[in-house]
Amino acid sequence: MAQLQIVYLLRPGTQEQWRRLYQEIVESRREQFEASCRRIGITQVQVRLVQLLHSDLMLVTLHTQEPQQTLQELATAERPFERWLRAQLQGLLGWNVQDVVSGLPDPPSDLL
């Protein structure tokens, strides 16, 4: 099982919005989220917010067999929940997840 790790420096003033999004997913969209993870091949999700001196850092770890394929599916899936989640992420990140995923290079074959 591979891990896909995403590290993101939060835009100023968005920590509470991230917490609300997480709360909404856990409380009212949990079944949709879990079904989406199963379809995409994600077996475990960990999200941490780390407070730094002048900003906040978000650490996301996704456990999946095929990290590149998982990212592509997250970016392109057209089911209602995935479209909703992408819109939420775009609003908080300030950029389109689909644009970033399409520009990622193939993963390296050797870890240095």
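In region 26-46, what residues are β-branched (Val, Ile, Thr) and touching a residue at least 24 places away in the same chain (Cβ under 8 Å)? Reasoning before the result, please.
First, pick out the residues of region 26-46 that are β-branched (Val, Ile, Thr): 26, 40, 42-43, 45.
Within region 26-46, 40, 42, 43 qualify.
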(message) Condition check: under 18 Å from residue 18 (Cβ atoms), in contact with a Phe, Trp or Tyr (Cβ under 7 Å, 6 or more places away or on another chain) and at pLDDT below 90. Does residue 92 satisfy that?
(response) yes
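Tell me, which residue of region 48-85 that is outside any helix (DSSP H, G or I) and of a type in the set (Ser, Thr, Tyr) is nearest to residue 24 (Cα to Cα)? If you could, list the steps in order and put the result at the bottom.
First, the residues of region 48-85 that are outside any helix (DSSP H, G or I): 48-66, 77-79.
Those left that are additionally of a type in the set (Ser, Thr, Tyr): 55, 61, 64.
Values: 55: 23, 61: 19, 64: 23 Å.
Out of the qualifying residues, it is 61.
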(request) Would you be able to say whether some residue in region 12-34 is in a strand (DSSP E or B) and open to solvent by 100 Å² or more (accessible area, probe 1.4 Å)? (result) no
(request) Kindly list the number of the only condition in (1) in contact (Cβ under 8 Å) with a residue 60 or more places away in the chain; (2) within 16 Å of residue 97 (Cβ to Cβ); (3) more than 13 Å from the chain's Cα centre (by Cα) that fails for residue 78. (result) (1)
(message) Among (1) in a helix (DSSP H, G or I); (2) open to solvent by less than 80 Å² (accessible area, probe 1.4 Å), there is one condition residue 6 misses while meeting the rest; what is its number?
(response) (1)
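Looking at 60, 45, can you tell me which residue is under 16 Å from residue 82 (Cα atoms) and open to solvent by less than 80 Å² (accessible area, probe 1.4 Å)? Can you show your working first?
Details: 60 fails: under 16 Å from residue 82 (Cα atoms).
So the residue among 60, 45 that is under 16 Å from residue 82 (Cα atoms) and open to solvent by less than 80 Å² (accessible area, probe 1.4 Å) is 45.
The values are calculated or read from the model by the stated rules, or taken from the named source; none is laboratory data. Here the structure is a predicted model, which means the values were calculated and not measured. Please note: Cβ atoms are built from the backbone with ideal geometry, for glycine as well, and neighbour counts cover all protein chains shown. Keep in mind that these areas ignore ligands, DNA and RNA; they rest on the heavy atoms of the full protein, side chains included. Shrake-Rupley method; radii C 1.70, N 1.55, O 1.52, S 1.80 Å.
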